[in-house]
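Okay, so here's the structure we're looking at.
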Amino acid sequence: YAKDEGRNNCQLYKVSLSAKTPEILSLEKSLRCALERKEFIVYYQPRVNIITGEITGMEALLRWQNPEMGVVAPNVFIPLAEESGLIIPIGEWVIREVCTQNKAWQEAGMTPMTIAVNLSPKQFRQPNLLEKVAEILETTGLEPQFLELEITESTAIEDLDFTRSVLKDLEKMGVYLSIDDFGTGHSSLSRLQMLPLHTLKIDGSFIKQLRNDDKVGHIIKAIVTLGQSLGLRLTAEGVERAEEIDFLRSINCDYVQGYFYYRPLSPQQATEVLKSESQKIAEGKHTIS
Ligand code: C2E
Ligand code: MG
Ligand code: MG
Ligand code: MG
């Protein structure tokens with residue numbers, strides 16, 4: 001189905017009349033054919049338990065490998081996909097790919113992991129999101145607790161009643177839900193507290209500021225403490241340095257994601273990492289470091 005949609009889009013392409021640079025136009029045109037040409041690949045970034053060092057899950061991060069342009073970053077093509085509507089078939093492909101991969105890893109004997117998929121605003125608002133997610137879980141045979149869906153804070157707060165009703169339905173289905181880029185949407189935890197969330201992800205920009213601004217540490221600590229008191233798990237994104245780990249450990253942050261532990265990994269690399277991780281867990285080798 002996604003394939004058909006990709007093909008139609010590919011054929012029906014029309015130059016839009018808005019003021020776009022030739023580069024953007026040509027990028028958008030290539031994007032329309034990218035699904036059909038199988039140019040997308042999902043990378044996986046492990047999420048690590050800050051106390052034990054165990055991998056407790058992963059985040060799926062999409063990459064576009066275009067023959068002419070090389071690897072295009074999601075910050076470039078996701079906005080284009082979002083604006084053109086292509087995010088709907090592309091996003092569906094990502095969920096299906098991730099569930100298929102996750103199921104394959106489980107069947108190969110890896111320790112079961114929850115894998116998070118990012119949903120853009122338009123994807124989150126598509127009318128048949130629930131049916132699609134249910135169908136993909138059914139088709140791939142993946143149990144729902146191994147799929148997590150991330151929406152950004154800004155997406156969540158745009159229409160809180162709508163967000164709550166969609167998230168409640170997804171929660172009933174059994175998938176995990178998290179808020180991404182927390183701290184950039186200028187909302188407050190008291191507004192998000194009405195949502196059935198599992199995890200709050202602190203935006204990487206806060207961690208980056210730790211280096212030169214003492215006050216940021218207090219803000220991060222306040223977010224972690226309040227979030228946890230509301231029953232949420234806290235993940236810090238973009239963690240690159242040992243000092244950042246020390247600080248996050250001192251304030252009892254639950255999980256970290258970042259280059260310090262792992263960069264986003266190709267499926268092959270992720271398979272290797274999961275294999276050795278599953279072995280360590282089986283042998284009980286994880287220790288507090
Ligand atoms: P995000 O969901 O907040 O993902 C975190 C981004 O931070 C990723 O960038 C990741 O590679 C990067 N990152 C992780 N650790 C570090 C670190 O230690 N230092 C630094 N500097 N960066 C780190 P990426 O992969 O380029 O993705 C950017 C954004 O694109 C994502 O932000 C997400 O909003 C969006 N995106 C990625 N894949 C998808 C997708 O499949 N669907 C949708 N709708 N959006 C996606
Ligand atoms: Mg994310
Ligand atoms: Mg984020
Ligand atoms: Mg982001």
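Observations on the model:
- Qualifying residue in the range 258-272 (condition: within 16 Å of ligand 4 (Cβ to nearest atom), among the basic types (Lys, Arg), assigned to a helix (DSSP H, G or I) and surrounded by fewer than 19 Cβ atoms within 10 Å (Cβ to Cβ)): no
- The residues of the range 177-202 that are within 14 Å of the chain's Cα centre (by Cα), under 20 Å from SER229 (Cβ atoms) and either within 15 Å of ligand 3 (Cβ to nearest atom) or not in a loop (DSSP other than H, G, I, E, B) (or both), listed by number, are LEU177, SER178, ILE179, PHE182, THR199, LEU200, LYS201, ILE202.
- Subset of the range 135-155 (residues that are within 24 Å of ILE78 (Cβ to Cβ), away from ligand 4 (no atom under 16 Å from the Cβ) and surrounded by fewer than 18 Cβ atoms within 10 Å (Cβ to Cβ)): GLU135
- Residue match in the range 217-236 (condition: surrounded by fewer than 17 Cβ atoms within 10 Å (Cβ to Cβ) and either within 16 Å of ligand 3 (Cβ to nearest atom) or in contact (Cβ under 8 Å) with a residue 60 or more places away in the chain (or both)): no
- Candidate set from the range 31-44 (those that are on the phi < 0 side of the Ramachandran plot and open to solvent by 20 Å² or more (accessible area, probe 1.4 Å)); member that is nearest to ligand 3 (Cβ to nearest atom): TYR43
- Of the strands (runs of 3 or more DSSP E) lying entirely inside the range 1-108, those containing at least 2 residues that are modelled with pLDDT of 95 or more are 40-49, 55-66.
- Just one of the listed residues (GLU158, GLU153, GLU171) is within 15 Å of ligand 2 (Cβ to nearest atom) and not aromatic (Phe, Trp, Tyr), and it is GLU153.
- The set of residues in the range 73-116 that are within 29 Å of LEU27 (Cα to Cα), among the polar types (S, T, N, Q) and open to solvent by less than 50 Å² (accessible area, probe 1.4 Å) comprises SER84, GLN101.
- Every condition in (1) in a helix (DSSP H, G or I); (2) touching a residue at least 24 places away in the same chain (Cβ under 8 Å); (3) closer than 25 Å to THR100 by Cα; (4) not acidic (Asp, Glu) holds for PHE162 except the one numbered (3).
The values are calculated or read from the model by the stated rules, or taken from the named source; none is laboratory data. Since we're looking at a predicted model, the values are computed, not measured. Quick reminder, even Gly has a Cβ in these numbers, built from the backbone with ideal geometry, and neighbours come from all protein chains shown. Areas reflect the complete protein model, heavy atoms only, side chains present, ligands, DNA and RNA absent. Shrake-Rupley method; radii C 1.70, N 1.55, O 1.52, S 1.80 Å.
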